[in-house]
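Read-outs: derived from the displayed coordinates by stated rules, not from any lab. Not measured: the values here are computed from a predicted model. Heads up, the Cβs are rebuilt from the backbone with ideal geometry, glycines too, and the neighbour counts pull from every protein chain shown.
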Ligand SMILES: Cc1cc2nc3c(=O)[nH]c(=O)nc-3n(C[C@H](O)[C@H](O)[C@H](O)COP(=O)(O)O)c2cc1C
């Protein structure tokens, strides 16, 4: 059975989503949570880790992720997460957003191998939990990983998750599979592939091309079609009761965010955000997305979604 991991998408795959997803769909074995940033100084407020409290994450094993370019601050936050019961911590070396990258964080660190080496040295000496990294091919160019691989290979990493784009590509353009094929055999640690898996056939093709990959991470493809992981695991078996299952999942999301956010407007905004993804996995999704975006009240939104599920909902795969 392929090892499928839910990708971290900040603003989407938080605890509410992870729990609701796992209650209604199958196929995902674990999740990497969206990043939390390391904090200067030594005091970590509980609110900083609110989405990672173990009692709120009962459904799916979670690997927390840290965005940091400071060794001691990383260790401090990682240790606080280990104290909560987590065993593996993921280091974000891929975030492409200019605000992050310009501060030499996320993919912004990739052009500085000696800095990454220095940070890994500090972190691996001071942090006794398991450490993994999630990275891209580089910030500006796919060549950058070349000089990073010997560094990664020297440290006891649990695994390395690779999204084969550069940082400046953001999420656009194609994933660079030939660069991925070039790097894969050089990496000493288990490799997780991540990027643009939107269909079971894409998955089958990638698995055939890269038998050395240890696990697969699904992000936007799974948000667009929450049945995707099940379909991959099911090897072509039909998925039953999609409408009812999506309706129950959607109701759980709304209930979860209604508990978490103050006021229906915030819940509506969050749900509208999800339609950016939901709409790309369904028939006539653009139309439904536009309809949803015009709505300004949560009760009207819920009515519109109920009607859509009853009359129209049909997934592309
Ligand atoms: C809105 C959004 C938020 C994201 N947040 C994170 C994050 O917090 N940490 C991270 O490592 N990657 C983050 N990513 C990147 C995804 O985890 C993933 O690498 C990327 O979407 C490519 O995989 P996919 O094609 O399966 O979606 C984010 C991506 C998007 C679109």
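If the condition is being surrounded by fewer than 16 Cβ atoms within 10 Å (Cβ to Cβ) and part of a helix (DSSP H, G or I), then segment 23-47 contributes 23, 46, 47.
Which of the residues belonging to segment 79-111 are surrounded by fewer than 23 Cβ atoms within 10 Å (Cβ to Cβ) and at positive phi? Matches in segment 79-111: 85, 104.
Of the candidates 50, 80, 20, the single residue that is farther than 18 Å from residue 157 by Cβ, within 16 Å of the ligand (Cβ to nearest atom) and outside any loop (DSSP other than H, G, I, E, B) is 50. Here residue 188 qualifies as more than 15 Å from the ligand (Cβ to nearest atom), surrounded by fewer than 16 Cβ atoms within 10 Å (Cβ to Cβ) and in a loop (DSSP other than H, G, I, E, B). Residue pairs whose Cβ atoms lie under 6 Å apart, separated by 6 or more positions or on different chains, with the first residue in segment 1-16 and at negative phi and the second in a loop (DSSP other than H, G, I, E, B) and more than 9 Å from the ligand (Cβ to nearest atom), are 3/29; 4/27; 4/28; 4/29; 6/28; 15/57. Only one entry in 126, 212 is more than 17 Å from residue 65 (Cβ to Cβ), touching a residue at least 40 places away in the same chain (Cβ under 8 Å) and more than 15 Å from the ligand (Cβ to nearest atom), namely 126.
Give 145, 157, 131, 120 a once-over and let me know the one that is away from the ligand (no atom under 13 Å from the Cβ), crowded, with 19+ Cβ neighbours inside 10 Å and part of a loop (DSSP other than H, G, I, E, B). None of the other options fit; the residue is 157.
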